[in-house]
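Quick notes on the structure that follows.
The values are calculated or read from the model by the stated rules, or taken from the named source; none is laboratory data. What you see is a predicted model, and the numbers here were worked out from it, not measured in a lab. Neighbour counts are summed over all protein chains in view; Cβ atoms, including those assigned to glycine, are modelled from backbone coordinates with ideal geometry.
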């Protein structure tokens, strides 16, 4: 029987958010001018999300999980979960080099899963921004995830004739350099380079990835009540397995994505300043391995594979008493994989058609989020 784990959120964040919910006596007396002169700021967020497919398993895998099958394939206690995410950002906003505006932000976020301890993780990051010309800035971002559970994967111990499932986890440092400029009063653009490294434990070191990405983004304030944005990104991910023996999987890939979004600022209920927001993202992943699947299923699902990923979001936000901000959001995610028609003929004793094999990779998920935030 699967046990239900207790949720232990760090006490520090609960205390900080309790402080955020408690309006200081002098808060209403602060003038806008005083806020503008404030150099040190602390932002706090607390969100609650319900996700109906936390590991984005396919329907075939979810059927195995529901029937307690899989032979050790699953480490989770439930396919869905409630996720509590406290976040704190502390920073300085003021003057930097040559007397121009600058900021330095340190952030920490914790993902607490109510029923699945194995999925809990945290992320820390530092963002430094320096304006170099009027309306133009340079920004450096550094992030780190100490340990992230990917899923259970097959591993064949040395000297063994059979494989077993093990928990696959990785750490991920990242670095990004961004340049932005106000092209016009109502039009902003930015370009960024992003580097990420995933490092798995020794049993799955062939999955270690070095990723180089480039992003372009434009934000247009089309009117007082409408903001539009679009982004394009592409990346190259080289896996350690590409330089290992031919019997090892190579998960290297190239990818590109496009995002469009819009935000509507309502003129009604000015004190609450309600907003509506939506975005859509399409991401295409092309796996690069030249290692074809053989009679023994090695390299299965990577040769010639392309993934189409879709992400659709809707949300609303408004101001609340005590300088709080409330947000509600919905997100739908879907993956559709595309495999070469020759797959079934390459692998021995595999009765599925190519379409059936693709269905073992495809997934859908829905998530719903409530977030409360405050700066103080």
- Single match in 362, 309 (criterion: surrounded by 15 or more Cβ atoms within 10 Å (Cβ to Cβ), within 25 Å of residue 204 (Cα to Cα), touching a helix residue (DSSP H, G or I) at 6+ places or on another chain (Cβ under 9 Å) and modelled with pLDDT of 95 or more): 362
- Query: Any idea how many residues of the stretch 171-191 are buried (at least 16 other Cβ atoms within 10 Å of the Cβ) and free of Cβ contacts under 8 Å to residues at least 24 places away in the same chain?
  - Reply: 0
- Message: Regarding the stretch 117-124, can at least one residue be identified that is without any contact (Cβ under 8 Å) to a residue 24 or more places away in the chain and crowded, with 17+ Cβ neighbours inside 10 Å?
- Response: yes
- Query: Scanning the stretch 319-346 for residues that are more than 24 Å from the chain's Cα centre (by Cα) and assigned to a strand (DSSP E or B), which turns out surrounded by the fewest Cβ atoms within 10 Å (Cβ to Cβ)?
  - Reply: 320
- Which one is farthest from residue 154 (Cα to Cα), of the residues in the stretch 74-92 that are assigned to a loop (DSSP other than H, G, I, E, B) and in contact with a helix residue (DSSP H, G or I) (Cβ under 7 Å, 6 or more places away or on another chain)? 79
- Message: Looking for something touching a helix residue (DSSP H, G or I) at 6+ places or on another chain (Cβ under 6 Å), outside any helix (DSSP H, G or I) and either at pLDDT 95 or above or under 17 Å from residue 373 (Cα atoms) (or both) - is there at least one such residue anywhere in the stretch 96-108?
- Response: no
- Restricting attention to the stretch 347-359, which residues are free of Cβ contacts under 8 Å to residues at least 40 places away in the same chain and either surrounded by 16 or more Cβ atoms within 10 Å (Cβ to Cβ) or not in a helix (DSSP H, G or I) (or both)? 349, 351, 352, 353, 358
